[in-house]
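Colleague: Supplied in structure tokens, the structure appears directly below.
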């Protein structure tokens, strides 16, 4: 059941940096993404067309997209929260966007100021226009393994939401354990529920490591046949609207585990380490990835 080939979807430049307080220059963000482009990723999420008033670190995402050195083999998606964001994507000739929602009513309101029903309506309109402009759409569902405000979230609600997103035209749904509450058995139950509504090949996993469960949950997801994983170099990241969400699973740690399992992934660990060291030097702190720290020590 374990897939033979794994796709790593790098979220470091967007989800990884969005919550950082230190100012990172436009030049350094571009350098960071250019280093990531040398690592053989299929996808690098480079920014978000969100108001800089709410997420200051995502300011100038349009300039980043215009000025990075793009590889023809790599997709460079940007997160689009609303119609204004989509208009920016169209204006800047972006080819891939991401939309996001959740089955948690409280998290939805805190995150976007909209309830789930209104968010679905907005997403439907975004997808409709994006398709007209030949833009590919990926979707995120947040808090799938637990919400900081509502606790456990119904897997049926999440699976219904995933089905809605695929039917509307998204090519993939990334299931986000936004606060890292998930454990392997619950991860399997979630995937089993969602796989009743959409193909496993259209499921990606976005697992945070707040409670140290991310690698175990990825292992459980592999056993369920999931072949796409969102990771962040060095373990950068966290959600500004989810207290205690300390960070994404580190790309390096996932690559090391996959290699040890004999599972093929094209992403180059040595080049990922170079990108990690670059961005963490700017952030003036130690890399969160255990593998990166071990290999640096050696």
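The values are calculated or read from the model by the stated rules, or taken from the named source; none is laboratory data. On a predicted model such as this, the values are computed, not experimentally measured, just so you know. Cβ: placed from backbone, ideal geometry, glycine included. Neighbour counts: every protein chain shown.
Colleague: Tell me, which residue of the stretch 1-16 that is modelled with pLDDT of 95 or more and part of a loop (DSSP other than H, G, I, E, B) is farthest from the chain's Cα centre (by Cα)?
Modeller: 6
Colleague: Still on this model: Search the stretch 192-208 for residues being without any contact (Cβ under 8 Å) to a residue 40 or more places away in the chain and crowded, with 24+ Cβ neighbours inside 10 Å, and hand back the single one that is nearest to residue 3 (Cα to Cα).
Modeller: 205
Colleague: While we're looking at this one, here's another question. For the stretch 148-171, which positions are surrounded by 18 or more Cβ atoms within 10 Å (Cβ to Cβ) and at pLDDT below 95?
Modeller: Correct list: 148 only.
Colleague: Separate question: Hey, any hits in the stretch 116-138 for a residue that's in contact (Cβ under 8 Å) with a residue 60 or more places away in the chain, buried (at least 19 other Cβ atoms within 10 Å of the Cβ), in contact with a helix residue (DSSP H, G or I) (Cβ under 7 Å, 6 or more places away or on another chain) and not in a helix (DSSP H, G or I)?
Modeller: Checking the stretch 116-138: not a single residue is in contact (Cβ under 8 Å) with a residue 60 or more places away in the chain, buried (at least 19 other Cβ atoms within 10 Å of the Cβ), in contact with a helix residue (DSSP H, G or I) (Cβ under 7 Å, 6 or more places away or on another chain) and not in a helix (DSSP H, G or I).
Colleague: Name every residue in the stretch 17-57 that is surrounded by 15 or more Cβ atoms within 10 Å (Cβ to Cβ), outside any loop (DSSP other than H, G, I, E, B) and modelled with pLDDT under 95, in order of residue number.
Modeller: Within the stretch 17-57, just 57 meets the criteria.
Colleague: Which numbered condition trips up residue 7, out of (1) touching a strand residue (DSSP E or B) at 6+ places or on another chain (Cβ under 7 Å); (2) under 21 Å from residue 233 (Cβ atoms); (3) buried (at least 19 other Cβ atoms within 10 Å of the Cβ)?
Modeller: Of the numbered conditions (1) touching a strand residue (DSSP E or B) at 6+ places or on another chain (Cβ under 7 Å); (2) under 21 Å from residue 233 (Cβ atoms); (3) buried (at least 19 other Cβ atoms within 10 Å of the Cβ), the odd one out for residue 7 is (3).
Colleague: Another one. From the list 182, 176, exactly one residue is crowded, with 24+ Cβ neighbours inside 10 Å, out of contact with any helix residue (DSSP H, G or I) (no Cβ under 7 Å at 6 or more places or on another chain), at pLDDT 95 or above and not in a helix (DSSP H, G or I). Which is it?
Modeller: 176
Colleague: So, one more: Which of the residues spanning the stretch 188-225 are farther than 18 Å from residue 250 by Cα and under 15 Å from the mean Cα position of the chain (by Cα)?
Modeller: 202, 203
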